[in-house]
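Novice: One structure follows; several queries about it will come next.
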Amino acid sequence: MTSNSKDSRTIRSVVVVAKIGPTESPRIASTLAEWLDRKGIDARYDSETATAIRRSDGVSRDNLPPDVDLAIVAGGDGTLLSVARSAGPQGIPILGINFGSLGFLTELQAEEMFAGLEAVIAGRYAIDERQTLRVRYRRRNGDIREYAVLNDVVVTKSALARMIDIEVKVDGEYVATYTSDGLILATPTGSTAYNLSAGGPILDPRMGAFVVSPICPHTMTYRPLVVPRSVRLDVSLHSQDEEVYLTIDGQVGFPFYPEEELSIDDHPQPVRLLRVAGLSFFEVLRRKLHWGER
């Protein structure tokens, strides 16, 4: 569920994460650094951004400093997702500035960056709280990995594998064994990502729910399923001789084996996105996805 409430936090310190790739990215990062310095904002930078602007004090994107008031992310949705895994559990708000091709999760376009930051410094912003998945993954050796996931978790076959069998339980109750190319487990925020491409429903991010969407299922009786955020999903693999992978937000991935355990429930800490442009979810759908156009 989202909330669109005012936040009284005064922005005094920030961490900046910029997508470094296109030739203009270092220039944009340098310009932003100079602007923050003029405004008296204490700014730190992730390692890649720090290197691009010739600083040697970069911090890890996977372990952001907990004492900052805001994370400024200049890039696309992928860059924002990479920051959300660290910023989300710490309650650090994120302001996304779009330098990518779609920027569905980001708040501002590049040309709106400084006007938007002026509004943030003046306290003219709201906080949009987005539901997050808590993913617990028990490996064959007994190690347990835990992730905070804003978009989705995907179980999928490798390029050469046949269809795979994936069992899903809800609060311990057997639901189905999906014979398919894979399975997507998404938040309402992630419903407009891979889930949408796979024919799943669009969920309003103000909802509290999970969506379970099979990828190219073997039978038409398998349909996407929406369940409340209060449940726990347990996923297990029944295919013994296939190469199967587990992917977190399209960025972190590793092999998934039949004897391993995957459990998903509602993360206690939502991801907090700063809103200054005043666009509603449906306005974003129309602008970014051309939703409803002929």
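Novice: All but one of (1) out of contact with any Pro (no Cβ under 8 Å at 6 or more places or on another chain); (2) surrounded by 14 or more Cβ atoms within 10 Å (Cβ to Cβ) hold for ARG272; state the number of the condition that does not hold.
Specialist: For ARG272, the failing item is (1).
Novice: Something else about it: Considering only the range 56-103, state which residues are in contact with a Gly (Cβ under 7 Å, 6 or more places away or on another chain) and among the charged types (D, E, K, R).
Specialist: Once the filter is applied, which keeps residues that are in contact with a Gly (Cβ under 7 Å, 6 or more places away or on another chain) and among the charged types (D, E, K, R), the range 56-103 yields only ASP77.
Novice: When you scan the range 195-205, do you find a residue that is of a type in the set (S, T, N, Q), touching a Gly at 6+ places or on another chain (Cβ under 7 Å), crowded, with 17+ Cβ neighbours inside 10 Å and not in a loop (DSSP other than H, G, I, E, B), even just one?
Specialist: No, every residue in the range 195-205 fails to be of a type in the set (S, T, N, Q), touching a Gly at 6+ places or on another chain (Cβ under 7 Å), crowded, with 17+ Cβ neighbours inside 10 Å and not in a loop (DSSP other than H, G, I, E, B).
Novice: Looking only at the range 65-108, which residues are of a type in the set (A, V, I, L, M) and either surrounded by fewer than 22 Cβ atoms within 10 Å (Cβ to Cβ) or in contact with a His (Cβ under 7 Å, 6 or more places away or on another chain) (or both)?
Specialist: Once the filter is applied, which keeps residues that are of a type in the set (A, V, I, L, M) and either surrounded by fewer than 22 Cβ atoms within 10 Å (Cβ to Cβ) or in contact with a His (Cβ under 7 Å, 6 or more places away or on another chain) (or both), the range 65-108 yields only LEU102.
Novice: Separate question: Could you list all residues from the range 47-81 that are of a type in the set (Asp, Glu) and either assigned to a helix (DSSP H, G or I) or out of contact with any Ser or Thr (no Cβ under 8 Å at 6 or more places or on another chain) (or both)?
Specialist: Within the range 47-81, GLU48, ASP57, ASP77 qualify.
Novice: I'd like the full set of residues that are under 20 Å from ARG9 (Cβ atoms) and not in a loop (DSSP other than H, G, I, E, B), limited to the range 102-112.
Specialist: Answer for the range 102-112, where residues must be under 20 Å from ARG9 (Cβ atoms) and not in a loop (DSSP other than H, G, I, E, B): just LEU108.
Novice: Regarding the range 203-215, can at least one residue be identified that is touching a helix residue (DSSP H, G or I) at 6+ places or on another chain (Cβ under 7 Å), at pLDDT 95 or above and among the hydroxyl-bearing types (Ser, Thr, Tyr)?
Specialist: Yes.
Novice: Another one. Would you confirm whether any residue within the range 88-101 is assigned to a loop (DSSP other than H, G, I, E, B), of a type outside the set (Val, Ile, Thr), more than 30 Å from MET207 (Cβ to Cβ) and out of contact with any Phe, Trp or Tyr (no Cβ under 6 Å at 6 or more places or on another chain)?
Specialist: The answer is no; no qualifying residue exists.
The values are calculated or read from the model by the stated rules, or taken from the named source; none is laboratory data. Note that this is a predicted model, so its numbers are computed, not measured. As a convention, Cβ positions derive from the backbone with ideal geometry for all residues, glycine included, and neighbour counts pool all protein chains shown.
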